[in-house]
Amino acid sequence: MSKASLIIPQVQNRTHADLQRLQALPLPQKIQLFKRRVHQFYTHFNGKVYGSFSGGKDSTMMMNLIWEDFPNVPACFSNTGLEYPEIVAFVKQVQAEGRPVEIIRPKLSFKQVIDRYGWAVVSKEQSQFINEFRTTKSDKLRKTRIEGNKSGRGKISKKHMYLTNAPFKVSHQCCAKLKKEPFKSYEKRTGRKPIVGTMTDESQLRQQSWLATGCNAFESKRPMSTPMSFFTEQDVLTYFRDTKKPYANIYGDIIETKRALQMDMFGGEEEKQVLKLTGADRTGCQWCMFGLELETIANHGENRFTRMKKTHPKQYDTIINKFGAKEVLDFMKLPY
């Protein structure tokens, strides 16, 4: 296969098959494509770009690869107050090592956001739908949020309809106020365009975004590069295992484990070697409730809050007791 055949032109209509083909490539070839996408974006905007740096493993890998070719590209970290202390310490460590790391902060605190707008639960989409149902003056929008549009989309799921009667506010605004707005202010102040380390296997929304624009959304209202779109969790873990590059210690070690995969209709199975972390498997906002139900089911009753009680009791007490998450989790019948 030639290198040219691995590239999907920006003007081409992309398909899920294209994405699957890229996701199946060996990691070294993915890194080559990553660098090509970054070079294109960097050149297009005359070097006025920056990396969105969360301090997590994905964005750490992204910045490592960017800095190999463009050591002066700044990494921008939004210190929202919701990051794990290990993440903040790692970001400051990278900064102390001489890397161009800029730390920004939101205008509002997390407590101000939940008091003013409400709790982000289930998912961004469902939180938005629930909020709109409860606050809109439009009968048409309320009906859509219950019944869906002509395609049956845009409605609150039956499973989460009970949240329309929750004794607390529900909103999708948390991420916008604490992360998106500070980054947009930074972009307005500096004129730089973002490079973000998101991957399409994390959500359907990100898949749809890639299908529409590819990795480099040059012409979007907010131009953005997502050069890791076709990477996977296993790629990231493989990178750190093989390169021995440092990452935030909250993740623990990278170990090999076996996972049984179903092979055929007769139930034949094959064991596949996969990598996993011994510590936290996600380090976004420590108090975020997005995906909490699925996480609890997948981990047989364990979730980020039950783990936080053991590993970060101070942060646990703040969110559960002082900020009132207890009321939310009790209403949703989720363990903490």
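I need every pair where a residue in the stretch 128-145 that is under 15 Å from S157 (Cβ atoms) has its Cβ under 7 Å from the Cβ of a residue that is of a type in the set (K, R) and not in a helix (DSSP H, G or I), sequence separation at least 6 or different chains.
Filtered contacts from the stretch 128-145: F129/K155; T144/K155; R145/K155.
Can you find a residue in the stretch 143-158 that is aliphatic (A, V, I, L, M), over 21 Å from M63 (Cβ atoms), outside any helix (DSSP H, G or I) and at pLDDT 95 or above?
Yes: one or more hits.
Taking the stretch 218-245 on its own, how many of its residues are in a loop (DSSP other than H, G, I, E, B), surrounded by fewer than 22 Cβ atoms within 10 Å (Cβ to Cβ) and touching a residue at least 24 places away in the same chain (Cβ under 8 Å)?
Number of matching residues: 5.
Would a scan of the stretch 47-68 turn up a residue that is touching a strand residue (DSSP E or B) at 6+ places or on another chain (Cβ under 6 Å), surrounded by fewer than 20 Cβ atoms within 10 Å (Cβ to Cβ) and either of a type outside the set (A, V, I, L, M) or within 26 Å of K322 (Cβ to Cβ) (or both)?
no
Restricting to the stretch 80-103, name every residue that is over 20 Å from the mean Cα position of the chain (by Cα) and under 30 Å from N165 (Cβ atoms).
Selection gives nothing.
Looking at (1) among the hydrophobic types (A, V, I, L, M, F, W, C); (2) closer than 29 Å to L27 by Cβ; (3) assigned to a helix (DSSP H, G or I); (4) more than 17 Å from the chain's Cα centre (by Cα), which is the one condition that is false for F133?
(2)
Quick one: which of Q40, Q10, Q32 is part of a loop (DSSP other than H, G, I, E, B), closer than 20 Å to V196 by Cα and either out of contact with any Leu (no Cβ under 8 Å at 6 or more places or on another chain) or at pLDDT 95 or above (or both)?
Among Q40, Q10, Q32, only Q10 is part of a loop (DSSP other than H, G, I, E, B), closer than 20 Å to V196 by Cα and either out of contact with any Leu (no Cβ under 8 Å at 6 or more places or on another chain) or at pLDDT 95 or above (or both).
For the stretch 185-217, what are the residues that are modelled with pLDDT under 95, part of a helix (DSSP H, G or I) and closer than 18 Å to F41 by Cβ?
Matches in the stretch 185-217: T200, R206, S209, W210, A212, T213.
With the checklist (1) under 20 Å from the mean Cα position of the chain (by Cα); (2) in a loop (DSSP other than H, G, I, E, B); (3) surrounded by fewer than 16 Cβ atoms within 10 Å (Cβ to Cβ) in hand, flag the one item P106 doesn't pass.
Only one criterion is unmet by P106, namely (3).
Scan the stretch 298-313 and tell me whether some residue there is modelled with pLDDT under 95, surrounded by 14 or more Cβ atoms within 10 Å (Cβ to Cβ) and among the aliphatic types (A, V, I, L, M).
Taking every residue of the stretch 298-313 in turn, at least one turns out to be modelled with pLDDT under 95, surrounded by 14 or more Cβ atoms within 10 Å (Cβ to Cβ) and among the aliphatic types (A, V, I, L, M).
The values are calculated or read from the model by the stated rules, or taken from the named source; none is laboratory data. Everything numeric here is computed off the predicted structure, so don't read it as measured data. Cβ: placed from backbone, ideal geometry, glycine included. Neighbour counts: every protein chain shown.
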